[in-house]
Amino acid sequence: MAAVTVRERIVVRAPSPGEGTQIASLWRELWEAHERWGGYPGTRDDRVYARLASRLDEDARVRGGQPVLGRHIHLIAAIHGQVCGQVEGWFERHGAEPRTPFTCEVRSLIVHPRARVLGVGRALLTNLARTASDLARGAPTVLAAEVLEPNPAHSFYQRLGYHPVAWSTRMVVSHEPRVRSGEFVARPAEPQDALALAVLESMLAARRRAAHDERFDRPRAIDATLVGAIAAHLGRRHRDVSEPHELVTVDARGDVRAAASLVISPLDPPFARTRRTILGRFAIDPAREPLPVLAPLIALACRYAIAAEAPTMELTDLTFPGTALYDATVTLGADPWSRIVTRMA
């Protein structure tokens with residue numbers, strides 16, 4: 001990709017060998033800022049960042065001056081040859097339908113404080129969008145970024161035309177839900193739950209569309225092929241905890257009333273060593289209030305997280321604050337965490 005000059009001073013391009021130390025310094029600044037905002041802590045070990053700088057230099061050599069390597073996009077911004085910002089993008093499609101847009105997930109956008117009034121962040125995202133569109137070969141592409149609630153970048157993304165489509169909360173996993181579940185219990189999903197999960201999945205897809213979240217498939221017709229695929233997935237034996245686990249809440253008759261997916265995975269350096277737990281894809285029977293069916297679901301997920309020694313759990317893919325789903329997680333002990341903002345590239 002040709003270099004693009006903005007305001008005649010900012011050059012956005014792929015990283016070059018020898019710039020790893022400057023880029024690693026930006027990453028360290030970003031991780032420390034996230035920690036101040038309540039995010040996962042970064043390491044304090046200088047050796048980790050030295051290894052990161054070496055890896056970034058090797059990565060730049062492999063790229064050969066191109067920003068794209070597989071599904072990973074890496075761009076830096078330079079002023080007078082000095083790196084002053086960087087952004088990563090992860091390019092993929094969240095779905096099986098050809099008409100579902102591609103998604104470029106914005107990762108690790110950071111601009112040096114002295115360069116933030118010069119339009120560096122805007123230039124990085126503009127070039128990331130252009131690169132993602134080139135990868136999609138003209139197909140619709142969505143840019144999506146997760147922004148922590150205390151992050152002051154909310155207004156920046158809003159000025160660039162991003163709008164929120166989903167919210168997250170986070171809770172300490174040792175916390176027991178504050179509301180008793182009554183008739184409802186939670187358990188791992190089983191193959192015989194496939195039809196109920198297909199119905200709930202369609203409701204989740206419709207909810208995403210209502211929120212203008214274009215990243216995922218539209219609601220699908222429920223047929224034997226879809227139900228069979230879900231049943232086959234649920235019949236697989238999980239090899240490790242990092243694979244998604246489907247959890248369901250059932251009533252006294254055994255009917256499925258809610259479902260969610262649980263993933264527990266280690267955070268790689270330069271994060272401090274810990275495990276990240278995400279409970280998402282919440283799909284709830286609209287005939288039921290979210291609070292009583294969520295309580296056992298979240299309690300079961302907490303037990304999985306405690307067994308994996310994960311300190312916190314993110315509850316993702318929620319509706320906006322003030323709605324029954326979001327507020328139910330807060331009632332159960334979660335705090336505001338982040339939101340997903342998107343725009344078409």
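Heavy-atom surface analysis with a 1.4 Å probe gives the chain a carbon and sulfur content of 53 percent of its accessible area. Solvent exposure of the chain amounts to 48 Å² per residue of accessible area, where only protein heavy atoms count and the probe is 1.4 Å. Of all DSSP-defined beta bridges confined to the chain, some 85% are antiparallel rather than parallel. Dipole magnitude for the chain: about 820 debye, using +1 per Lys or Arg Cβ and -1 per Asp or Glu Cβ, origin at the Cα centre.
The overall shape of the range 200-344 is rounded: from the C-alpha gyration tensor, with semi-axes ordered a ≥ b ≥ c, the ratio a/c is less than 1.5.
Val48 sits among other residues whose Cβ lies under 11 Å from its own Cβ, and their net charge, with Lys and Arg +1 and Asp and Glu -1, is +3. Normalised by the number of residues in the chain, the mean separation of alpha-carbon contacts (under 8 Å, six or more apart) gives a relative contact order of 21 percent.
Taking the centroid of alpha carbons for each part, the range 1-80 and the range 235-305 are 34 Å apart. What FRET efficiency, computed as 1/(1 + (r/R0)^6) with R0 = 22 Å and r the Cβ-Cβ distance, is obtained for Ser108 and Arg51, rounded to the nearest 0.05? Using R0 = 22 Å, I get an efficiency of 0.85. Projecting the Cα atoms of Val62, Leu291, Val199 onto the charge dipole of the chain, computed from C-beta unit charges around the Cα centre, puts Val62 farthest toward the positive end. Based on the convex hull around the alpha carbon atoms, the range 301-345 presents an average projected area of 4.4 nm². Since only Thr126, Ile73, Thr331 are under comparison, the one whose Cα sits farthest along the positive direction of the charge dipole of the chain, derived from C-beta charges on Lys, Arg, Asp and Glu, is Thr126.
The values are calculated or read from the model by the stated rules, or taken from the named source; none is laboratory data. Source: prediction; values computed, not measured. Note that each Cβ is placed from the backbone with ideal geometry, even for glycine, and that neighbours are counted across all protein chains shown. Accessible surface areas use protein heavy atoms only, side chains included; no ligands, DNA or RNA. Shrake-Rupley method; radii C 1.70, N 1.55, O 1.52, S 1.80 Å.
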